[in-house]
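To start, the structure under review is shown below, and the notes come after it.
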Amino acid sequence: MKPELSSDVPAQTIRCRYAIIGSGIAGLWTALHLPQQESVAIITKSTVRESSTQYAQGGIAVSLPPTDSPELHKQDTLEAGAGLCDEPAVEILTQEGPQVVEELISYGAVFDREDGHLAYGREAAHGISRIVHAHGDATGEEVERTAYEAVREAPNITIYQETAAAELLVVDGECVGVEAVGVPGGEVMRFIADVTLVATGGAGSLYKYSSNPPVATADGIALAYRAGAALEDVEFIQFHPTALADEGYPKFLISEAVRGEGGKLLNADGEEFMSRYHPRAELAPRDVVARAVYSEMLEADNNQVYLDFRPLGTQRMRERFPGILDELHQRGFTPEQQPVPITPVAHYMMGGIATDLHGQTDIGRLFACGECASYGVHGANRLASNSLLDGLVFGKRSAAAMAQTELLAAASEEQAVACKQNHIPAAPADLKPQIQQLMWKQVGIIRDGDSLARAQAQLAEWADQISASPGPALAELEAANMCQAGMLMAAAALHRTESRGAHYRTDFPDINGTWRKHVIVRRSPAGDLSISDRPVESNTTD
Ligand code: FAD
Ligand code: SIN
């Protein structure tokens, strides 16, 4: 019989064929595509649906005939990526996209339609309307619901809720599973698996202003780093230009699709300003809009910039953005009558755990997928609504490759059971707000060498406070991971002496062709941070 959803897991060793860390679209979709006769454990640190996926608004970018083609979608993706996308990866994303979206629909996802056909929204840097969406602005909820309901029906898949992966278990250079701690009890569990997938999502919670749910603390990045895996392009953090500027944390996102439908950005004097920054004005690439908003905020006495919904008209606002409107009303704003104050927020990590085009990392039996992974698809700036698509396309591909992995040899399994990590890192939980403040100010939208070097040094000092703990509380585990991941992001950003896409340095404000390469960071066998690079696989030029 299939075990019930587990929120109170006893300390134990659990043997499974596949261990998946994370229950966003990448984790759930991969689980659904693994062989149905083999056991899958999904480990997730909060409730199952708490993920960035759940909150996605705008939709899924996909090229469907007759007006669109994978080639056009590929060109827009490459252009947004500012010379840093690997073209073979983008080809896979855009060519396999239509088929996985059809598959998601066959699983029961309901997308909005007009005259019986899928309705396509427009978002920044897309040359054409190609964003499928659900319930107007609740695409993520529909995607997560669909995948979760299918997983619940699958007798081979067990979900361990409130179970935080703390350390990857590596024996003789191969990953043999993962050590986890129960939340809030701190009991240690060991999942021994033939194959492990990291699908832990992004790093938004490292920042003071973020659109991501609090679970996005870059755990997968830190786990993979400690295990010795290569990470790439972690200096590229995408800042979304329009989240509601109120007191809440995380900040409530106002979809880019609002600008796609005609919404306008206004400065503190009530003037439209985007055409001063880019010919595509409100529909310029996301990094350009985020920097423009940030610059206008710095110039204004009261720090305020606004998004004006009124050009859409009340009826269009209501049919297209019912969820956003409801939320704004609940928070005391009336976009039908007045522009709403907005702020840029940390939103998405372009880089991550380096993998091949099937999610395989450079550690045996260890795969990564979704926002925490880097297959070279998003370059220096992800094209809007390409992320859910990435989880679907590369989740399916990862599952196919994971299914080919041989069983652990009996001797390795014995070693895995016997291996004792006993060094789960923990840091004082009150470091979290300090890290968020530092990352926002010094590793944020606009950077420079001095502030990055200071950030790296401060994070290294805080890293000295990380100590081993037999079963740390979640907040302590997260603080240690945020500290390590932040240090890697600052180091990579300091290393890249140019500005490109989402990485903007005032001391190197121009794009530089010699930097058309991915920055790789990893932990050397001696325990030091090592930095190298790899050329971009692409035919495009700067
Ligand atoms: P997530 O969905 O974030 O899932 C990560 C999972 O890992 C979570 O279940 C988390 O709890 C778990 N986890 C993390 N650490 C651990 C640990 N140590 N142990 C166990 N579990 C762990 N993209 C689009 O394409 N279109 C959009 O319209 C869109 N809108 C967005 C709106 C918002 C507000 C946000 C925040 C993002 C949006 N994005 C959008 C981006 C997109 O939603 C995410 O990039 C994508 O959903 C990531 O999926 P994922 O499965 O990789 O990670
Ligand atoms: C949004 O709806 O603006 C977010 C889309 C995305 O992050 O891709």
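The values are calculated or read from the model by the stated rules, or taken from the named source; none is laboratory data. Just so it is clear, the structure is predicted and the values come from calculations on it, not from any experiment. Please note: Cβ atoms are built from the backbone with ideal geometry, for glycine as well, and neighbour counts cover all protein chains shown.
Below is a table of values for the structure above.
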| quantity | calculated |
| --- | --- |
| Residue within the stretch 65-73 that is within 21 Å of GLN238 (Cβ to Cβ), touching a His at 6+ places or on another chain (Cβ under 9 Å) and surrounded by 24 or more Cβ atoms within 10 Å (Cβ to Cβ) present | yes |
| Residues that are over 21 Å from SER255 (Cβ atoms) and more than 6 Å from ligand 1 (Cβ to nearest atom), drawn from the stretch 205-219 | LEU206, LYS208, THR217, ALA218 |
| From ALA368, ALA399, residue being in contact with a His (Cβ under 6 Å, 6 or more places away or on another chain), closer than 26 Å to GLU38 by Cα, modelled with pLDDT of 95 or more and surrounded by 24 or more Cβ atoms within 10 Å (Cβ to Cβ) | ALA399 |
| Residue count for the stretch 255-291, restricted to those that are within 16 Å of ligand 2 (Cβ to nearest atom), touching a residue at least 40 places away in the same chain (Cβ under 8 Å) and either in a helix (DSSP H, G or I) or under 15 Å from HIS347 (Cα atoms) (or both) | 13 |
| Residue match in the stretch 324-345 (condition: in a strand (DSSP E or B), within 30 Å of LEU169 (Cβ to Cβ) and not hydroxyl-bearing (Ser, Thr, Tyr)) | no |
| In the stretch 224-250, the residues that are aliphatic (A, V, I, L, M) and farther than 20 Å from ILE445 by Cα | ALA224, ALA227, ALA229, ALA230, LEU231 |
| Condition check for ILE520: in a loop (DSSP other than H, G, I, E, B) and within 22 Å of the chain's Cα centre (by Cα) | no |
| Any hit, the stretch 427-441, residues being at pLDDT 95 or above and under 30 Å from GLY364 (Cα atoms) | yes |
| Selection status of ALA125, surrounded by 18 or more Cβ atoms within 10 Å (Cβ to Cβ), of a type in the set (A, V, I, L, M, F, W, C), under 22 Å from the mean Cα position of the chain (by Cα) and farther than 21 Å from GLY376 by Cα | no |
| Entirely in the stretch 1-116, the helices (runs of 4 or more DSSP H) that have 3 or more residues that are more than 16 Å from ligand 2 (Cβ to nearest atom) | 25-32, 70-80, 87-106 |
| Flag if GLU371 is within 16 Å of ligand 2 (Cβ to nearest atom), closer than 30 Å to VAL188 by Cβ and either part of a helix (DSSP H, G or I) or over 14 Å from the mean Cα position of the chain (by Cα) (or both) | yes |
| Candidate set: the stretch 382-412, residues that are within 12 Å of ligand 2 (Cβ to nearest atom) and of a type in the set (Ser, Thr, Tyr); chosen: the one nearest to the chain's Cα centre (by Cα) | SER387 |
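Yes/no per residue for (1) buried (at least 24 other Cβ atoms within 10 Å of the Cβ); (2) closer than 30 Å to PRO535 by Cα; (3) free of Cβ contacts under 8 Å to residues at least 24 places away in the same chain; (4) touching a His at 6+ places or on another chain (Cβ under 9 Å):
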| position | (1), (2), (3), (4) |
| --- | --- |
| GLY186 | no, no, no, no |
| ALA193 | yes, no, no, no |
| PRO213 | no, no, no, no |
| ALA216 | yes, yes, no, no |
| ALA222 | yes, yes, no, no |
